[in-house]
1. Quick one: what do you get for the chain if you divide its Cα Rg by 2.2 N^0.38 Å?
2. Dividing the convex hull volume of the Cα atoms of the stretch 91-133 by its residue count, what figure in Å³ per residue is obtained?
3. Using only alpha carbon pairs under 8 Å that are at least six residues apart, calculate the relative contact order of the chain and give it in whole percent.
4. Go through Ala184, Ser140, Leu94 and say which Cα lies farthest out towards the positive end of the charge dipole of the chain; charges sit on Cβ, +1 for Lys and Arg, -1 for Asp and Glu.
5. With a 10 Å cut-off between alpha carbons and a GNM built on the chain, which of Lys191, Lys136, Lys180 moves the most?
6. Under unit Cβ charges (Lys, Arg +1; Asp, Glu -1), what dipole magnitude, rounded to 20 debye, does the chain have relative to its Cα centre?
7. Taking the 0 to 90 degree range and rounding to the nearest ten, how far is the long axis of helix 2-25 tilted relative to the main principal axis of the chain, both from C-alpha atoms?
8. Nearest 20 debye, what's the magnitude of the dipole of the stretch 106-187 about its Cα centre given +1 on Lys and Arg Cβ and -1 on Asp and Glu Cβ?
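A short reminder: the numbers here are calculations on the coordinates, not readings from a lab. This is a predicted model, so every value here is computed, not measured. Here the Cβ is made from the backbone with ideal geometry for all residues, glycine too, and neighbour counts use every protein chain on show.
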Amino acid sequence: MRRSTLCAACCLVLAGLVALPSAASAGESFWRVRAIYISPDDSSTLIGDTGSQVSVDSAVAPEIDFTWMFERNWGIELVLATARHDLAAKGGALDGADLGSVWLLPPTVTLQYHFMPGGAARPYLGFGVTLATFYKYETSQTLRDLGVSNLDFSDGLNVAAQLGIDIDLSANWFLNLDLKYIKASTNVEIKLAGVPGGTLDTVGVDIDPWIAGIGIGHRF
């Protein structure tokens, strides 16, 4: 009888320990701040009959996110970051030409699955959507010399994938490593100077960046 009672008590304690991470994780919120390296896997259609494509350079930027765990293993993350990217022509007659720079703001929302929410190291996988928003384009002297006054970038809704891990540093602080891939595409209209609404050409550009980040997070 005592052995049966002891076994029953152990089972109750183990059940409580298993349930505890679930109760602690559901409804939990936390934020992270990262330094990110943005590496575009870029390609584009040809610029007119030049045989040249648009190239987008890499960038380093800060990133902040907020995550809400609506269930033990499931969370929703909002990611905010913005970075300036230099543009250049590659290949063809314009190879190496400066095409100016543009800022990209891709607010991203991902649905995450956290594999070990009660552990000291918690890997996660996420899929979601991003709104690629372009602003503050600065034209180059090269384009101005060719009579180009501006480049207009279309915004677009795209998909994103994410893989990361949180590693506890203390009760509420943790280290974060994160890798994202974002499908970010735009149509670029090349505007001619002195011609209202005049479009010389429209070039489709796929930026498709890989984004690697490292940072810290805090539970609250």
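1. Details: Rg = 24.0 Å, N = 220, 2.2 N^0.38 = 17.1 Å.
Dividing the Cα radius of gyration by 2.2 N^0.38 Å gives 1.40.
2. 162 Å³
3. Details: 585 pairs, mean separation 45.5, N = 220.
Relative contact order here is 21 percent.
4. Selected residue: Ala184.
5. Looking only at Lys191, Lys136, Lys180, the biggest GNM fluctuation is shown by Lys136.
6. Working: 14 positive and 23 negative charges, 272 e Å.
Rounded to the nearest 20 debye, it is 1300 debye.
7. The answer is roughly 20 degrees.
8. On the way: 5 positive and 7 negative charges, 23 e Å.
The calculated dipole for the stretch 106-187 is roughly 120 debye.
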